[in-house]
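The values are calculated or read from the model by the stated rules, or taken from the named source; none is laboratory data. What you see is a predicted model, and the numbers here were worked out from it, not measured in a lab. So basically every Cβ, Gly included, is an ideal-geometry build from the backbone, and we count neighbours across all protein chains shown. Surface accessibility is based on the protein's heavy atoms, side chains included, excluding ligands, DNA and RNA. Shrake-Rupley method; radii C 1.70, N 1.55, O 1.52, S 1.80 Å.
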Amino acid sequence: MMEKLQDVLYEREKVLWEGKPEPFSLLDDTYKQPLLITWGVSIAVVAAFLAFYIPFYLRTEGTPTQLITALVLIGLIPFSLSIQPLTTKRSLDKKVTYLFTNQRAICINDTQINTFNITRETPCKLQKLPNGSSVIYMGEDGCKIKPTASRNAAVRRIKTPDSPDLTGMVFYGVKDAMEVCKSFAPFSNVSEV
């Protein structure tokens, strides 16, 4: 990781803080209801499809290829929606490192390094999590992220289509986030929401 970091640091840039997300429950209070609804709807969609398609398939004497194709197509979207929270949790648990330098916020994972320039005018807010850690939302677009989307935002890029640069960043599960932000000059006046 340090080799990757040396390649992106500016000449006089110094790392002020480095951390990883704290362990968290997949079904904590913020995420429990949306996840259960997603999983329930996914199961219902697949069950309804099977209830209607299988009798149709049997009546029309379709080919096995048609059945397999239909099952794959109808199962793909619910499966993707259902597994995405698990892959996000895995990434946050094992692959993400956050850094504050004297100029930027940096998020490093297995496949990419995201950097976000920070000034005294950069908006920042904190959200307390059930495990005692916090979410740090940075930048105008980062501060617009809903709590139920904070995990996804922490492992993805936040940018507008017309901008080549990131327009926000989210650090999820930061231990002692208030102290971290207060020691970082641009965010010394941060408050919790």
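Got the relative contact order for segment 75-159 handy, in percent, Cα pairs under 8 Å and 6 or more residues apart? In percent, rounded to a whole number, it is 21.
Between the alpha-carbon centers of segment 63-82 and segment 7-48, tell me the distance in whole angstrom. One Cα centre to the other: 26 Å. The order of T160, T111 by accessible area, most exposed first and with a 1.4 Å probe, is T111, T160. Build a GNM of the chain with springs between Cα atoms under 10 Å apart, and of V135, V96, V72 the one that fluctuates most is V72. Mean projected area of the convex hull spanned by the Cα atoms of segment 31-137, taken over all viewing directions: 10.2 nm². Note: segment 14-86, Cα convex hull, 114 Å³ per residue.
So for the chain, what are the equivalent ellipsoid semi-axes in whole Å, largest first, each being the square root of 5 times an eigenvalue of the Cα gyration tensor? If you can, show how the numbers build up before the last one.
Details: eigenvalues 341, 67, 39 Å².
So the equivalent ellipsoid measures 41, 18, 14 Å along its semi-axes.
When the chain is treated as a Gaussian network with alpha carbon springs shorter than 10 Å, the biggest mean-square fluctuation among V155, V46, V180 belongs to V46.
Counting protein heavy atoms only, the chain has 59 percent of its accessible area on carbon and sulfur, 1.4 angstrom probe. Here the dipole of the chain is about 240 debye; that uses its Cα centre as origin and unit charges on the Cβ of Lys and Arg (positive) and Asp and Glu (negative). A 1.4 Å probe run over the protein chains yields, for the chain, 58 Å² of accessible area per residue, whole-number rounding. Between 0 and 90 degrees, the angle of helix 64-94 with respect to the longest Cα principal axis of the chain falls at about 20 degrees.
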